[in-house]
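Working notes, structure below.
The values are calculated or read from the model by the stated rules, or taken from the named source; none is laboratory data. None of the values given here were measured: they were computed from a predicted structure. As a convention, Cβ positions derive from the backbone with ideal geometry for all residues, glycine included, and neighbour counts pool all protein chains shown. Ligands, DNA and RNA are stripped out before the accessible areas are found, and what is left, the full protein with its side chains, is counted by its heavy atoms. Shrake-Rupley method; radii C 1.70, N 1.55, O 1.52, S 1.80 Å.
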Amino acid sequence: DLNKGKRAKDPTEKEEEKRFLNYLRTGETRDLKIVDNKAIIPTSISKQIIEKMEEVAVIFPKCTKFYAKGELTFAVDNNNLGISAAYVEDMAEVTEKSAKPETVTLKNHIIGALAVISRSLINNTDLDLLPYVVYKIAKALTDFIEKELVSGKTKMSGLVTSKNIVTTAKAAAIT
């Protein structure tokens, strides 16, 4: 359903949608705020695309997302030495373990999607154009991102590029 999960919109969102739909129908960008990378999709519609991606995707909703501009560097605990839980007696002091976390830098990458819309689709009064465009862009982005999450080898390292080490009691025996 293209309209699934619709929420109430504030006047700014309604105005942005009206200007964006006008752009889709006429190609006129005068009313839109075009950002540095030439993106013409207003913030409220970008949010709708992300929400729709969460709905249609399988892997993407389960991913941890960080909303930051540029690069993001933070410590990760690959050996589970940092935060741990255990039983303690009432009023007993919780002691710390010495941890040596590694740092990871997430880099910002831009993914683009070109939506070509026919005149007959734009002029079709039976179709609510905005949810359709939001869905098509979200689906294209989701398909690309999920493929990268699984098999990415260039800008993003996918699951197939990670090492999976299994140690068994006997050589070549997994039970």
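Quick notes on this structure:
- Phe66 accessible area, 1.4 Å probe, all protein chains in place, Å² to nearest 10: 110 Å²
- FRET E, pair Ser151, Lys107, Förster distance 22 Å, beta-carbon r, rounded to 0.05: 0.70
- Straight-distance candidates among the aspartates and glutamates for linking to Lys136, with alpha-carbon spacing under 14 Å and chain neighbours fewer than 8 residues away dropped: Asp1, Glu51, Glu54, Glu55, Asp128.
- Using a probe of 1.4 Å on the protein chains alone, the accessible area found for Met156 is around 70 Å².
- Of Lys65/Lys147; Lys14/Lys65; Lys139/Lys163; Lys52/Lys155, those spanning more than 22 Å from alpha-carbon to alpha-carbon: Lys14/Lys65; Lys139/Lys163; Lys52/Lys155
- Rolled with a 1.4 Å probe across the full set of protein chains, the surface gives Thr95 an accessible area near 110 Å².
- Fully extended contour minus Cα-Cα distance, from Ser118 to Lys18, at 0.36 nm per residue: 34.1 nm
- Unsatisfied cross-links (Cα-Cα over 20 Å) in the set Lys18/Lys69; Lys69/Lys107; Lys47/Lys153: Lys18/Lys69; Lys47/Lys153
- Inter-site label distance for Glu71 and Glu54 at 7 Å from Cα along Cβ, in nm: 3.0 nm
- Among residues other than Leu32 with Cβ under 9 Å from its Cβ, the summed charge is 0 (Lys and Arg +1, Asp and Glu -1).
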